[in-house]
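A short worksheet on the structure shown next.
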Amino acid sequence: MRHFVVVALVIMLFLSITTLSVSASSVSGHGCAPRVPPAVPGTPAPAISGAVVINEVLLMPYSTWNCSESPGTYSLITDTWIELYNTRNQPLDLYASHAVIDSGPGTNSFYFPFTASIAAHGYLVLFPRYDASFLSTETSTLRLLIGGVVLDQVTVPHLTADQSYARTADGAASWHVSSMPTIDSSNSTPPATPPAATSPPAGQNGPGGNSGRGRSNRGTSTWNNANNPKALVNGVQPQWSNLQLPAVTTTFVSNTAPSAVAPSTSTPSSSNFVDIVRRPALTVLFILLALVILRCWRAFYKKNP
């Protein structure tokens, strides 16, 4: 009986940890990047400043950013990442160019993995802390070099959990601290352009014609009236293909800096609330279950000395 109670407690603890891990990963709400980037055929990158730039950096991971890991697991070594952006119109082979990342003169270098290439106007994500030599001399300054020539350099400010330091647009000169990192993708997405208004065919009521009664109806036309979809034109209801539906708009949420905008693709606040409520509830439930089992075990032993 005693062994049964111990096994039951171990199973409950395992289920609790598993449930919390799945719950934590389900509210991350962001993508990831592979540790080894996919091969992209390209020519060696030129040792010219600005040809390839450091586009975004995340130094304090608090969720899974590395696609090579299991969901819900993360660490400061495996999930710290640097995103590069190719400003050129052709793909570049950074491995063949002997490109490196370091933290300034006299620091150890992180060498790019085999087949590390970057597409034209594309992105490349690196996880440099896998290299213990680079990590031992890492500072808040990061440099991208080819053949001793510094292509780009950035000094990262203090960041909190899962915040990134990113350019306000891909390759832009200005930077900001972002609470919505965009790993392996564009730092900014322009607002959706609303569809152009459709003019009515000539000879019908509206700005493009009249009713044939010798008067123009500009400013008073009921053509494509969204508030009155059954409006009549010349006593005849327009065909369904001539009705203009309301324009679809996209909602954007501002990042930490006023100059940056990012699309709102999830509602982490509600998920975080559910996760916060679920954790203590599960903990209390398992404690009560353990107490019930323990009480039953003691009662059983009193009856059967």
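No lab work stands behind these numbers, since they all come straight from the coordinates. Note that the structure is predicted; figures quoted are calculated from it, not measured. With ideal geometry, Cβ positions are generated from the backbone for all residues, glycine too; neighbour counts draw on all protein chains shown.
For Ala132, the conditions (1) buried (at least 18 other Cβ atoms within 10 Å of the Cβ); (2) out of contact with any helix residue (DSSP H, G or I) (no Cβ under 9 Å at 6 or more places or on another chain) are fulfilled apart from (1). Just to verify a result, which residue in region 118-152, among those that are assigned to a strand (DSSP E or B), of a type outside the set (A, V, I, L, M) and out of contact with any Gly (no Cβ under 6 Å at 6 or more places or on another chain), is nearest to Asp102 (Cα to Cα)? Out of the qualifying residues, it is Arg143. Within region 68-85, being assigned to a loop (DSSP other than H, G, I, E, B) and surrounded by 15 or more Cβ atoms within 10 Å (Cβ to Cβ) holds for Glu69, Pro71, Gly72, Tyr74, Ile77, Thr78, Asp79, Thr80.
Filtering region 165-182 to residues that are under 22 Å from Ala51 (Cα atoms), touching a residue at least 24 places away in the same chain (Cβ under 8 Å) and outside any loop (DSSP other than H, G, I, E, B) leaves Tyr165, Ala166, Arg167, His176. Scanning region 122-162 for residues that are of a type in the set (Asp, Glu) and touching a residue at least 24 places away in the same chain (Cβ under 8 Å) turns up Glu138, Asp152, Asp162. Total residues in region 130-163 satisfying the condition of being over 26 Å from Asp93 (Cα atoms) and not β-branched (Val, Ile, Thr): the figure is 8.
Counting only residues that are hydroxyl-bearing (Ser, Thr, Tyr) and surrounded by fewer than 22 Cβ atoms within 10 Å (Cβ to Cβ), which one in region 86-127 is farthest from Ser186 (Cα to Cα)? Out of the qualifying residues, it is Thr107. Would you mind stating whether Pro41 is out of contact with any Asp or Glu (no Cβ under 6 Å at 6 or more places or on another chain) and in contact (Cβ under 8 Å) with a residue 60 or more places away in the chain? It is true that Pro41 is out of contact with any Asp or Glu (no Cβ under 6 Å at 6 or more places or on another chain) and in contact (Cβ under 8 Å) with a residue 60 or more places away in the chain. On the stretch given as region 98-121, residues that are more than 18 Å from Asp152 (Cβ to Cβ) and touching a helix residue (DSSP H, G or I) at 6+ places or on another chain (Cβ under 7 Å) total 1.
If the condition is being acidic (Asp, Glu) and closer than 26 Å to Ala99 by Cα, then region 153-175 contributes only Asp170.
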